[in-house]
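The values are calculated or read from the model by the stated rules, or taken from the named source; none is laboratory data. Just so you know, these numbers come straight off a predicted model, no measurement behind them. Because the Cβ atoms are built from the backbone with ideal geometry, glycine has one as well, and the counts that use them run over all protein chains shown. Side chains included, ligands, DNA and RNA excluded: accessible areas come from the protein's heavy atoms. Shrake-Rupley method; radii C 1.70, N 1.55, O 1.52, S 1.80 Å.
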Amino acid sequence: MGLLHSNTQQGQRSAAWEQVSQAAQATGIPLPPPITLPALPDLSGGCNATQLEAALGQAAAGALRAMLAAPALQAQIAGAVGGQAAQLDDYLAVLGRERQTILDQLADLTGTEGALGQAQELLGGLRGALGQATSIPIAGELLTSVSAACPAVGALLTFAESGISSAESALSGVQATAAALASKLAQLTDVESHAQELRTQLQQRIDSLPDLFLDAIGGEG
């Protein structure tokens, strides 16, 4: 595949692939497959057979162009570039599944958050029934006096206070997890954007191959 590589670092590892890889690594999602993006040459000047022969020798230039005309070799080169595109398509599918997983998790957390909020509201109503703000725990002295007067009511109020405390703690955890997932989703979107751009660039290479073969085999400037 050296024929398709540029003489710059792009031939070894493209800046586009680096963007995808770095974004994926920062997000903690699977890394993309290694992709090389050969530079696209400017074909406006055509292929100068005379200069090619001067660079390689007439026999070597002729043999090289004859090989490039072989359908099997063309298929091999096209298959190599197309194989990278297929790998990237698979990777985009992985990202799609990752996105759906995050969305499902966020939906579950939304339901859990709602249930915990309802629990806080219902149990907090007992505080309100005592004539105090629902956001303020029942004072220990009040619980003691209520329990002395009616042990059953005192016990239920104690259970309610424990439930409110547990709901508050769980709600805090749910909200933190939801925020982390939302951040990951935003980063995943960034990775998808880079990967889609890389896929577009790969398609440009695939689309350019027929003209490259035609120019290399028979073009003359």
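Numbers for the structure displayed
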| item | result |
| --- | --- |
| Count - residues of the range 184-197 that are within 14 Å of Trp17 (Cβ to Cβ), buried (at least 16 other Cβ atoms within 10 Å of the Cβ) and charged (D, E, K, R) | 0 |
| Lone qualifier among Leu181, Leu171 - being farther than 23 Å from Leu130 by Cβ and touching a residue at least 40 places away in the same chain (Cβ under 8 Å) | Leu181 |
| Condition broken by Leu52, with the remaining ones in (1) at pLDDT below 90; (2) closer than 30 Å to Gln175 by Cα; (3) of a type in the set (A, V, I, L, M) satisfied | (2) |
| Set Ala75, Ala119: member being part of a helix (DSSP H, G or I) and open to solvent by 40 Å² or more (accessible area, probe 1.4 Å) | Ala75 |
| Residue check for Leu64: open to solvent by 50 Å² or more (accessible area, probe 1.4 Å) and in a helix (DSSP H, G or I) | yes |
| Residue identified as touching a helix residue (DSSP H, G or I) at 6+ places or on another chain (Cβ under 9 Å), modelled with pLDDT under 90 and either at negative phi or basic (Lys, Arg) (or both) among Leu123, Leu156 | Leu123 |
| Selected residue [in contact (Cβ under 8 Å) with a residue 12 or more places away in the chain and open to solvent by 60 Å² or more (accessible area, probe 1.4 Å)] from Thr200, Thr158 | Thr158 |
| Positions within the range 136-152 being loosely packed, with under 11 Cβ neighbours inside 10 Å and under 21 Å from Gln120 (Cβ atoms), in sequence order | Ile136, Gly140 |
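So that you can scan it fast, the table gives a plain yes or no per residue for (1) within 17 Å of the chain's Cα centre (by Cα); (2) of a type in the set (Gly, Ala, Ser):
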| site | (1), (2) |
| --- | --- |
| Gly96 | yes, yes |
| Gln100 | yes, no |
| Leu103 | yes, no |
| Leu106 | yes, no |
| Leu116 | no, no |
| Gly128 | no, yes |
| Thr134 | no, no |
